[in-house]
Amino acid sequence: MKTAWEKYADNMSVVMEFSEGYKDYLSNSKTEREATKKAIELAEAKGFKDARKVDSLKEGDKVYFNNRDKGLCLFVVGKRPLVEGMNILGAHIDSPRLDLKQHPLYEDNGLALLDTHYYGGIKTYQWVARPMALHGVVVKKDGTKVEVKIGDDDNDPVIGISDLLIHLAKDQMKKTAGEVIEGEDLNVLVGSIPLKVADEEKKEFVKENILHILKEKYDIEEDDFVSAEIEVVPAERARDYGLDRSMVMGYGHDDRICAYTSLAAILDIEAPERTACCLLVDKEEVGSQGSTGMQSRFFENVLAELLEKCGQYSELTLRRTLSNSYMLSSDVSAGFDPNYASVNEPKNTAYLGKGIVFNKYTGARGKSGCNDANPEFIAKLRKVMDDNDVAWQTAELGKVNQGGGGTIAYILANLDMEVIDAGIAVQNMHAPSEVASKVDIYEAYRAYMAFIKDIA
Ligand code: MN
Ligand code: MN
């Protein structure tokens with residue numbers, strides 16, 4: 001099989017170096033908030049300004065709108081009027097994980113545990129017996145926001161969920177994979193030392209000790225969990241994968257891999273013809289609802305703000321800008337896996353190393369819920385990719401009726417613009433450690449660059 005690696009036989013370092021930046025981003029972006037914060041840091045270093053602090057904008061200006069610290073919309077104002085349309089890159093920055101419940105902490109026979117409710121589609125059995133970390137924010141009654149991050153520094157302790165020993169698993173092993181670990185049983189062990197207290201009324205001394213530690217480290221009380229967003233995520237950093245270091249293994253490729261590459265492209269573009277936009281959104285894994293999901297009016301609202309700051313706002317201009325825009329809605333694809341070859345139809349499958357993936361449609365059971373990209377748009381895209389020597393492939397998510405999935409593509413397409421699903425092939429999608437090819441990561445960046453530069 002011919003792959004994109006052949007293109008870089010004499011210049012592999014450009015591919016390898018690009019992934020170093022990505023590994024750093026991924027290792028430091030384990031929540032949508034961290035992904036947003038890191039994206040703002042990278043954007044500001046490249047001259048982007050907070051749009052809400054800028055009164056007027058002109059061509060070449062670079063700004064971002066922060067959506068509640070959980071999403072980001074970046075623009076590079078083009079030479080052409082906005083009404084002629086934008087070239088938009090979109091990806092999501094939330095990933096499957098375990099969220100702490102609002103009343104999470106309890107003690108059971110000398111052990112302190114945190115109760116969770118999982119977020120997104122997971123095989124629960126993959127999330128036990130492995131090192132985990134706590135990341136998130138606690139907002140206290142007075143509005144102070146405390147950032148929590150335990151488990152990722154080499155000197156930090158880790159936490160985790162236990163699994164049953166094989167010796168006593170006779171009954172458990174008879175269960176189906178979906179029932180082996182029940183969602184309600186994803187309880188995180190966090191402590192076992194009792195606090196030495198004078199107050200014998202308090203019976204749960206181990207729990208008290210954990211509260212004492214949290215009070216010392218973060219100045220938070222048990223009640224503060226009610227207004228907190230704390231995620232239990234895999235504790236390790238992204239690593240090179242494969243003896244040839246051709247791949248990256250890490251938590252949250254879905255979809256920070258497309259987010260990072262889309263972001264990298266908009267950060268590198270200078271004075272495009274059409275306004276370039278990059279949308280990093282939250283809540284994709286749970287249906288894109290809410291103020292930080294793609295279905296929020298946030299995008300239309302900030303576009304109205306952008307038009308106003310460019311001196312071009314009217315309701316009709318806003319509608320025409322959307323209608324004349326093109327979008328690459330990027331999300332991870334299921335990479336062909338020789339261990340599970342039977343779920344794919346080989347001619348229409350994404351392969352690791354063959355470059356960015358375009359999906360005309362996603363969906364399930366007869367494409368239900370998909371955006372089905374128009375061939376007129378796909379033809380335009382093919383030309384731009386080929387003219388820019390980008391390695392690309394097309395794929396479906398598995399065999400017909402094998403399953404399926406959805407993305408944010410249809411939401412933007414519903415705003416009356418041309419949209420196609422694109423992205424990077426991964427193995428182990430939604431597992432705590434996912435795998436992607438470095439050459440695909442680099443080709444995705446090149447594809448995004450070609451798209452915002454040349455699609456018109
Ligand atoms: Mn995704
Ligand atoms: Mn996903």
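Give the number of residues within segment 1-34 that are modelled with pLDDT under 95 and open to solvent by less than 30 Å² (accessible area, probe 1.4 Å).
Residues meeting the conditions: 0.
Scan segment 126-147 and give yes if some residue there is open to solvent by 10 Å² or more (accessible area, probe 1.4 Å), among the aromatic types (Phe, Trp, Tyr) and more than 16 Å from ligand 1 (Cβ to nearest atom), otherwise no.
The answer is no, given that none of the residues of segment 126-147 is open to solvent by 10 Å² or more (accessible area, probe 1.4 Å), among the aromatic types (Phe, Trp, Tyr) and more than 16 Å from ligand 1 (Cβ to nearest atom).
Rundown of residues vs (1) outside any helix (DSSP H, G or I); (2) touching a residue at least 12 places away in the same chain (Cβ under 8 Å); (3) charged (D, E, K, R), yes/no style:
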position: 173; (1), (2), (3): no, no, no
position: 189; (1), (2), (3): yes, yes, no
position: 223; (1), (2), (3): no, no, yes
position: 226; (1), (2), (3): no, yes, no
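Kindly check whether there is at least one residue in segment 71-79 that is within 16 Å of ligand 1 (Cβ to nearest atom), over 19 Å from residue 269 (Cβ atoms) and open to solvent by 60 Å² or more (accessible area, probe 1.4 Å).
No, segment 71-79 has no match at all.
Taking segment 272-329 as the region of interest, how many residues are within 16 Å of ligand 2 (Cβ to nearest atom), among the hydrophobic types (A, V, I, L, M, F, W, C) and in a helix (DSSP H, G or I)?
The total comes to 1.
Being surrounded by fewer than 21 Cβ atoms within 10 Å (Cβ to Cβ), touching a residue at least 40 places away in the same chain (Cβ under 8 Å) and within 16 Å of ligand 1 (Cβ to nearest atom): is that true of residue 295 here?
yes
If you take the residues in segment 35-53 that are open to solvent by 30 Å² or more (accessible area, probe 1.4 Å) and of a type outside the set (D, E, K, R), which one is farthest from residue 257 (Cα to Cα)?
47
Find the residue count for segment 100-112, including only residues that are in a strand (DSSP E or B) and open to solvent by 30 Å² or more (accessible area, probe 1.4 Å).
Looking only at that region, the number is 7.
Where in segment 356-456 are there helices (runs of 4 or more DSSP H), lying fully within it, with 3 or more residues that are open to solvent by 60 Å² or more (accessible area, probe 1.4 Å), of a type in the set (D, E, K, R) and in the same structural domain as residue 337 (by TED's automatic domain parsing)?
Output list reads 375-387.
The values are calculated or read from the model by the stated rules, or taken from the named source; none is laboratory data. Model, not experiment: these values are computed from the prediction. Counting neighbours? That spans all protein chains shown, and the Cβs are built from the backbone with ideal geometry, glycine included. Accessible surface areas use protein heavy atoms only, side chains included; no ligands, DNA or RNA. Shrake-Rupley method; radii C 1.70, N 1.55, O 1.52, S 1.80 Å.
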